[in-house]
1. Within the stretch 147-154, identify whether any single residue is at pLDDT 85 or above and either over 15 Å from Val100 (Cα atoms) or exposed (fewer than 15 other Cβ atoms within 10 Å of the Cβ) (or both), and answer yes or no.
2. Give the residue that is nearest to the chain's Cα centre (by Cα), with candidates limited to residues of the stretch 42-74 that are surrounded by fewer than 16 Cβ atoms within 10 Å (Cβ to Cβ), at pLDDT 95 or above and within 20 Å of Val103 (Cβ to Cβ).
Amino acid sequence: LVPLILLPLKKRYPQMKLVLFEEITETLIQRLKSHEIDAALLATAVDDPELTEMPLFDEPFWLAHPVDDPIYNKDEITHEDLEHMDLLILSDGHCLAQQVMGVCGWDDRPQHSEMGDLQAASLETLLQLVGAGFGSTLVPALATRGSWMTDSGIIARKLELPDTFRRISLVYRRSFPRKKALDAFAEIVRENLPNTVTVLP
(Lines give C-alpha, C1' and ligand atoms only; values in the text may rest on other atoms or scores of the structure.)
Protein backbone atom coordinates (compact mmCIF):
# COMPACT_ATOMS: atom_id res chain seq x y z
CA LEU A 1 0.00 0.00 0.00
CA VAL A 2 2.72 2.50 0.95
CA PRO A 3 4.29 2.73 -2.55
CA LEU A 4 0.85 3.53 -3.98
CA ILE A 5 0.20 6.54 -1.77
CA LEU A 6 3.55 8.18 -0.97
CA LEU A 7 3.93 10.28 -4.13
CA PRO A 8 0.24 11.33 -4.36
CA LEU A 9 0.33 12.27 -0.68
CA LYS A 10 3.49 14.34 -1.05
CA LYS A 11 2.17 16.05 -4.18
CA ARG A 12 -1.18 17.09 -2.69
CA TYR A 13 -0.05 17.77 0.88
CA PRO A 14 3.66 18.69 0.74
CA GLN A 15 3.42 20.19 4.23
CA MET A 16 2.21 16.94 5.81
CA LYS A 17 4.88 15.23 7.89
CA LEU A 18 4.64 11.48 7.49
CA VAL A 19 6.57 9.11 9.76
CA LEU A 20 6.04 5.41 9.02
CA PHE A 21 6.42 2.38 11.29
CA GLU A 22 5.83 -1.28 10.43
CA GLU A 23 4.86 -3.30 13.48
CA ILE A 24 2.52 -6.13 14.43
CA THR A 25 -1.04 -5.12 15.33
CA GLU A 26 -0.62 -5.43 19.09
CA THR A 27 2.39 -3.11 19.10
CA LEU A 28 0.65 -0.52 16.92
CA ILE A 29 -2.37 -0.44 19.22
CA GLN A 30 -0.12 0.04 22.24
CA ARG A 31 1.70 2.90 20.50
CA LEU A 32 -1.61 4.50 19.56
CA LYS A 33 -2.88 4.41 23.13
CA SER A 34 0.39 5.81 24.47
CA HIS A 35 0.24 8.70 21.94
CA GLU A 36 3.45 7.61 20.20
CA ILE A 37 1.69 7.52 16.82
CA ASP A 38 -1.38 9.34 15.47
CA ALA A 39 -3.04 6.53 13.51
CA ALA A 40 -2.51 2.99 12.26
CA LEU A 41 -3.58 1.06 9.18
CA LEU A 42 -4.89 -2.22 10.55
CA ALA A 43 -6.48 -5.32 9.06
CA THR A 44 -8.01 -6.35 12.38
CA ALA A 45 -11.17 -4.97 13.99
CA VAL A 46 -10.35 -3.09 17.18
CA ASP A 47 -12.57 -3.38 20.24
CA ASP A 48 -11.28 -0.63 22.50
CA PRO A 49 -13.27 2.31 23.94
CA GLU A 50 -10.30 4.66 23.44
CA LEU A 51 -10.03 3.95 19.71
CA THR A 52 -12.20 4.25 16.64
CA GLU A 53 -11.74 3.17 13.06
CA MET A 54 -12.39 4.45 9.55
CA PRO A 55 -12.92 1.56 7.08
CA LEU A 56 -10.98 2.15 3.85
CA PHE A 57 -11.18 -0.97 1.68
CA ASP A 58 -11.79 -4.71 1.56
CA GLU A 59 -8.80 -6.70 0.35
CA PRO A 60 -9.41 -10.19 -1.09
CA PHE A 61 -7.06 -13.09 -0.48
CA TRP A 62 -5.30 -14.83 -3.35
CA LEU A 63 -3.90 -18.35 -3.34
CA ALA A 64 -0.19 -18.42 -4.16
CA HIS A 65 1.11 -21.85 -5.11
CA PRO A 66 4.01 -23.43 -7.04
CA VAL A 67 3.50 -23.92 -10.75
CA ASP A 68 3.61 -27.71 -10.37
CA ASP A 69 1.01 -27.89 -7.57
CA PRO A 70 -1.95 -30.19 -8.45
CA ILE A 71 -4.34 -27.35 -7.54
CA TYR A 72 -3.14 -25.65 -10.74
CA ASN A 73 -5.37 -28.00 -12.75
CA LYS A 74 -8.53 -27.07 -10.83
CA ASP A 75 -10.76 -24.50 -12.49
CA GLU A 76 -12.30 -23.46 -9.18
CA ILE A 77 -10.94 -23.46 -5.63
CA THR A 78 -13.51 -24.31 -2.95
CA HIS A 79 -13.69 -23.80 0.81
CA GLU A 80 -13.18 -27.55 1.14
CA ASP A 81 -9.90 -27.27 -0.78
CA LEU A 82 -8.69 -24.61 1.65
CA GLU A 83 -9.80 -26.52 4.75
CA HIS A 84 -7.72 -29.54 3.72
CA MET A 85 -4.79 -27.71 2.18
CA ASP A 86 -1.42 -27.82 3.96
CA LEU A 87 -0.72 -24.09 3.84
CA LEU A 88 2.32 -22.12 4.90
CA ILE A 89 1.38 -19.28 7.25
CA LEU A 90 3.22 -16.54 9.12
CA SER A 91 4.53 -17.07 12.62
CA ASP A 92 2.47 -16.33 15.74
CA GLY A 93 1.82 -12.67 16.47
CA HIS A 94 0.98 -11.69 12.89
CA CYS A 95 -2.67 -10.83 12.26
CA LEU A 96 -2.30 -12.21 8.72
CA ALA A 97 -1.73 -15.68 10.19
CA GLN A 98 -4.99 -15.46 12.15
CA GLN A 99 -6.85 -14.16 9.09
CA VAL A 100 -5.62 -17.03 6.91
CA MET A 101 -6.64 -19.54 9.57
CA GLY A 102 -10.10 -17.95 9.65
CA VAL A 103 -10.47 -18.10 5.87
CA CYS A 104 -9.45 -21.78 5.90
CA GLY A 105 -11.83 -22.64 8.74
CA TRP A 106 -9.03 -23.69 11.10
CA ASP A 107 -9.51 -23.29 14.84
CA ASP A 108 -5.79 -23.58 15.46
CA ARG A 109 -2.49 -23.67 13.61
CA PRO A 110 -1.68 -27.13 12.14
CA GLN A 111 0.65 -28.90 14.56
CA HIS A 112 1.21 -32.31 13.04
CA SER A 113 1.96 -31.59 9.42
CA GLU A 114 5.00 -30.86 7.32
CA MET A 115 3.93 -27.23 6.95
CA GLY A 116 3.22 -26.85 10.66
CA ASP A 117 6.98 -26.83 11.22
CA LEU A 118 7.62 -24.14 8.62
CA GLN A 119 6.85 -20.63 9.85
CA ALA A 120 8.02 -17.33 8.38
CA ALA A 121 8.39 -13.97 10.07
CA SER A 122 7.60 -11.98 6.91
CA LEU A 123 5.42 -12.30 3.82
CA GLU A 124 8.53 -12.05 1.65
CA THR A 125 10.07 -15.13 3.30
CA LEU A 126 6.75 -16.96 3.03
CA LEU A 127 6.65 -16.35 -0.72
CA GLN A 128 10.26 -17.47 -1.09
CA LEU A 129 9.25 -20.78 0.50
CA VAL A 130 6.35 -21.08 -1.95
CA GLY A 131 8.63 -20.28 -4.89
CA ALA A 132 11.05 -22.96 -3.71
CA GLY A 133 8.25 -25.52 -3.77
CA PHE A 134 7.71 -25.96 -0.02
CA GLY A 135 3.96 -25.34 -0.20
CA SER A 136 1.23 -22.80 -0.88
CA THR A 137 -0.09 -19.80 1.01
CA LEU A 138 -2.76 -17.11 0.98
CA VAL A 139 -1.68 -13.55 0.26
CA PRO A 140 -3.59 -10.25 0.37
CA ALA A 141 -4.42 -8.78 -3.05
CA LEU A 142 -2.01 -5.83 -2.77
CA ALA A 143 0.87 -8.25 -2.21
CA THR A 144 0.35 -9.67 -5.70
CA ARG A 145 1.73 -6.42 -7.12
CA GLY A 146 5.24 -7.22 -5.88
CA SER A 147 8.27 -8.26 -7.92
CA TRP A 148 7.92 -11.85 -6.68
CA MET A 149 5.29 -12.39 -9.41
CA THR A 150 7.98 -12.23 -12.10
CA ASP A 151 9.90 -15.45 -12.82
CA SER A 152 9.27 -16.68 -9.28
CA GLY A 153 7.73 -20.05 -10.05
CA ILE A 154 4.56 -18.91 -8.26
CA ILE A 155 1.00 -18.81 -9.57
CA ALA A 156 -1.39 -16.38 -7.82
CA ARG A 157 -5.14 -16.91 -8.15
CA LYS A 158 -7.94 -14.83 -6.66
CA LEU A 159 -10.28 -16.77 -4.40
CA GLU A 160 -13.79 -16.45 -5.82
CA LEU A 161 -15.39 -17.30 -2.49
CA PRO A 162 -17.51 -15.31 -0.01
CA ASP A 163 -15.82 -13.91 3.10
CA THR A 164 -12.29 -14.50 1.80
CA PHE A 165 -11.12 -10.94 2.33
CA ARG A 166 -9.86 -8.69 5.09
CA ARG A 167 -11.01 -5.16 5.89
CA ILE A 168 -8.35 -2.46 6.12
CA SER A 169 -9.17 0.48 8.39
CA LEU A 170 -7.47 3.61 9.64
CA VAL A 171 -7.53 3.36 13.44
CA TYR A 172 -7.01 6.37 15.70
CA ARG A 173 -7.76 7.71 19.17
CA ARG A 174 -11.25 9.13 19.70
CA SER A 175 -9.60 12.15 21.31
CA PHE A 176 -7.30 12.84 18.34
CA PRO A 177 -7.72 16.57 17.54
CA ARG A 178 -6.70 16.63 13.85
CA LYS A 179 -9.44 14.52 12.30
CA LYS A 180 -9.29 16.52 9.05
CA ALA A 181 -5.70 15.36 8.49
CA LEU A 182 -6.83 11.74 8.82
CA ASP A 183 -9.71 12.36 6.41
CA ALA A 184 -7.23 13.79 3.91
CA PHE A 185 -4.96 10.77 4.30
CA ALA A 186 -7.90 8.38 3.87
CA GLU A 187 -8.97 10.20 0.70
CA ILE A 188 -5.51 9.72 -0.83
CA VAL A 189 -5.58 6.02 0.03
CA ARG A 190 -9.01 5.47 -1.53
CA GLU A 191 -8.11 7.38 -4.70
CA ASN A 192 -4.97 5.36 -5.40
CA LEU A 193 -6.07 1.79 -4.81
CA PRO A 194 -5.98 -0.75 -7.66
CA ASN A 195 -9.10 -2.54 -8.90
CA THR A 196 -8.06 -5.73 -7.09
CA VAL A 197 -9.59 -4.33 -3.88
CA THR A 198 -13.03 -2.91 -3.02
CA VAL A 199 -12.94 0.72 -1.92
CA LEU A 200 -15.31 1.59 0.94
CA PRO A 201 -17.07 4.98 1.19
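The values are calculated or read from the model by the stated rules, or taken from the named source; none is laboratory data. Keep in mind the model is a prediction, meaning the values are calculated, not measured. Every residue, glycine as well, gets a Cβ built from its backbone with ideal geometry; the counts of neighbours run over all protein chains shown.
1. Scanning the stretch 147-154, I find at least one residue that is at pLDDT 85 or above and either over 15 Å from Val100 (Cα atoms) or exposed (fewer than 15 other Cβ atoms within 10 Å of the Cβ) (or both), so the answer is yes.
2. The selected residue is Asp58.
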